[in-house]
1. Just order 308-315, 160-167 by mean Cβ neighbour count inside 10 Å, highest at the front, would you?
2. For the stretch 196-248, what D do you get in µm² per second when you plug the Kirkwood radius from alpha-carbon pairs into Stokes-Einstein at 20 °C and 1.002 mPa s?
3. Could you sort the peptides 84-92, 209-217, 275-283 by per-residue average Cβ neighbour count (10 Å cutoff), highest mean leading?
4. Tell me, in nm to one decimal, what length is gained between E329 and V280 on full extension, where the rule is 0.36 nm per residue of separation less the Cα-Cα distance?
5. Can you give the accessible area of M208 in Å² (nearest 10), computed on protein heavy atoms with a 1.4 Å probe?
6. Taking H as built 1.01 Å from N, whose amide H comes closer than 5 Å to the amide H of V44, not counting residues under 5 places away?
7. What aspartates and glutamates could a cross-link reach from K148, if we take a straight Cα to Cα line under 12 Å and drop same-chain neighbours fewer than 8 places away?
8. Per Stokes-Einstein, at 20 °C and 1.002 mPa s, what whole-number D in µm² s⁻¹ belongs to the stretch 21-146, with the Kirkwood radius over Cα pairs as the hydrodynamic radius?
Amino acid sequence: MTDGPLTEGTVLHADLDAFFASVEQRDDPALRGRPVIVGGGVVVAASYEAKKRGVRTPSNIRRARQICPEAVVVPPRFEAYTEASRRVFEVFADTTPVVEALSIDEAFLEVGGLRRIRGAPSQIARQLRADVAERVGLPISVGVARTKYLAKIASASAKPDGLLVVHLEGEREFLHALPVERLWGVGEVTAAKLHQHHVRTVGQIAAMELREATTLLGAATGRHLWALAQGHDPRRVETGQRRGSMGAQHALGSRRRSVEEIETILLGLVDRVTSRMRRVDRTGSVVTISLRFGDFGRSTASHTLARPTSHTTTVLDAARTLLRQRWPEVERRGLTLIGVSVGQVDDAPLQLALPLDATSGTELDTAIDEVRGKFGTASVRRAAQLGEGRPRASQPILPD
């Protein structure tokens, strides 16, 4: 097959390999080539050497050690991951002005306007991988294709530390050979339904009539998966969009904790989220808590506030109520992770809604933010957090 700009799509999907574990291996040469597990009570990340031995995320650290006794377990260093992510996104920005961040370790890049000055998309992708290796010291896999969906599949197929170009004339062959599980939107339930009807590849879905797909899977899911199987994905790479929610989470390990302990952790998470919202002058109206249980099942619960806010106490009250409502299930199943987010985030209103009372504004919150900004996050703490030791490092996040 002939290489060249006319046979290649212009969308790149760049995805750092085993990101947290790769940062640890980069910073400690003794870990290179060895199975590395990042985490405390729960596996947060695993190197490819550990994954090859069966270590998965999320799973219990004790179980992971049984599967891979030679693994080196290191605690997460979120500041290091945030810094590494920032430097990688600087490489992305130097490659093309059209970058759509998906998470701290992956992004779509549109390079269609760079052919004359930078060469074919595959050449740009090779240079991107070399630049990330040289400037940040991390491995990154890149997929090149006509659509975002195909580019993302290509980068996953190229892992670890590889490059895969899906040429225009080879799209159908590449796509139709994939298992149905590779389609966006196919989870365990949908996959089981497809397998029950002897549908195992994307090509088999593509061969259906649209009416067959919607009859089998329902109107929305059937239409969505059928379109992807045909190679239809009209989404463009978009840049400059602000996030619709802000959140934070805390891994707990396997130790049982009281509701008071969890509420103290929840306070720290809410404090962190609302502080970020105030820093970028944004408010939100939907409070959601996310729970991961001891059996690794997950659950979420949400509450819509009367009006958008970044007021710590208001968000905390809603989050506490949601937690208390789910506490019987937590006691029964155990809890290994808790997260909180504020959704329907938008720019803060110019005028507060009435009526106001002494606790409805963010003046105190803003004063605390300023003190912490000048003297550090440990300089001002709430009474419930005293005796906790140093505040937990923030998990790495996308820029707001």
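1. Order by mean packing, descending: 308-315, 160-167.
2. In µm²/s, the coefficient is 163.
3. Most protected by this proxy first, the peptides run 84-92, 275-283, 209-217.
4. 14.1 nm
5. 30
6. Close amide H contacts, sequence-distant or interchain: V38, G39.
7. In chain and number order, the partners are E100, E110, D233, E238.
8. 134
The values are calculated or read from the model by the stated rules, or taken from the named source; none is laboratory data. Everything quoted here is computed from the prediction, not taken from an experiment. Neighbour counts are summed over all protein chains in view; Cβ atoms, including those assigned to glycine, are modelled from backbone coordinates with ideal geometry. Just so you know, the surface numbers come from the protein's heavy atoms only, side chains and all, with ligands and any DNA or RNA stripped out. Shrake-Rupley method; radii C 1.70, N 1.55, O 1.52, S 1.80 Å.
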